[in-house]
Amino acid sequence: MILSPFKRPSQIKRSKRQSILRTTFKVLFSSSLIVGSFATNELINSKPVVANNGIDFMWDADPNYVKLKYLQTSNEKKERSTYYLFLRPRERKTGILKLTIKVPDYFEANIRPEKLKLCRAKIGGYSSRTKCLEDIPAIIEVSKDQTSIEIFPDNPIPVDKNTYALRMKLINPRRPGMFQFHAYAQSPGAVPISGYVGSWNMAVE
């Protein structure tokens, strides 16, 4: 029997198919590595969105939860920032004799009473900036553990069409995170009643 040095046509076709399959596998494998690396980079580089711009974060699924508006001049950790915690007309159902703000204990910033101010405020937009229009005389106290701010205006904050705010100047915490502040108001009257007003959800990156 004589062995032919040439391959049969069927062997040539099979060899070509195997070569094509090997090449296709290499291309698909390389592509998957490239796509995977891009996806990983996107996940690493993505940053959480700051609250109060359309995306909200809520810890408790409470049907009575009310989202309050605020403004931060900086949300970067360890940077100086001015906070405006707004109370708009629709959020004040009664006059406010006393306003209490509960601060999370992991908001590690030095809140100093002399850097806090209650004011009638203007919420800025594209062509104007947020600012205090009129200072509201008030006694402001901060608890020793920095978890409570109590505000006693000389005269109750009225139910009107104005927006009021607590302005805070401080240095942001050194650790990033989401921070939820809660507002409680005590109404004037023979029997003062305290009630939940709403929450400000803020972020430091």
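Taken over region 85-109, the criterion of being farther than 25 Å from Pro173 by Cβ and assigned to a strand (DSSP E or B) is satisfied by Ile96, Lys98.
Inside region 110-157, can you point out the residues that are part of a strand (DSSP E or B) and more than 17 Å from Leu87 (Cα to Cα)? Listed by number, the residues that qualify are Ile139, Glu141, Val142, Ser148. Among residues of region 149-205 being loosely packed, with under 15 Cβ neighbours inside 10 Å and of a type in the set (Ser, Thr, Tyr), the one that is nearest to Val66 (Cα to Cα) is Tyr196.
For beta carbons closer than 6 Å, sequence separation of 6+ or different chains, a first residue in region 168-193 that is assigned by TED's automatic domain parsing to the domain that holds Lys93 and a second that is acidic (Asp, Glu) and assigned to a loop (DSSP other than H, G, I, E, B), the qualifying pairs are Asn172/Glu79; Pro173/Glu108; Pro176/Glu205.
Farther than 24 Å from Phe179 by Cβ, assigned by TED's automatic domain parsing to the domain that holds Gly177 and at pLDDT 95 or above: does that describe Pro158? Yes: the conditions hold for Pro158.
Scanning region 68-90 for residues that are without any contact (Cβ under 8 Å) to a residue 24 or more places away in the chain and either touching a Lys or Arg at 6+ places or on another chain (Cβ under 7 Å) or over 16 Å from Lys161 (Cα atoms) (or both) gives a single hit, Thr73.
The values are calculated or read from the model by the stated rules, or taken from the named source; none is laboratory data. Since the model is a prediction, treat every value here as computed from it, not as a measurement. Note that we place each Cβ from the backbone using ideal geometry, even for glycine, and neighbour counts take in every protein chain shown.
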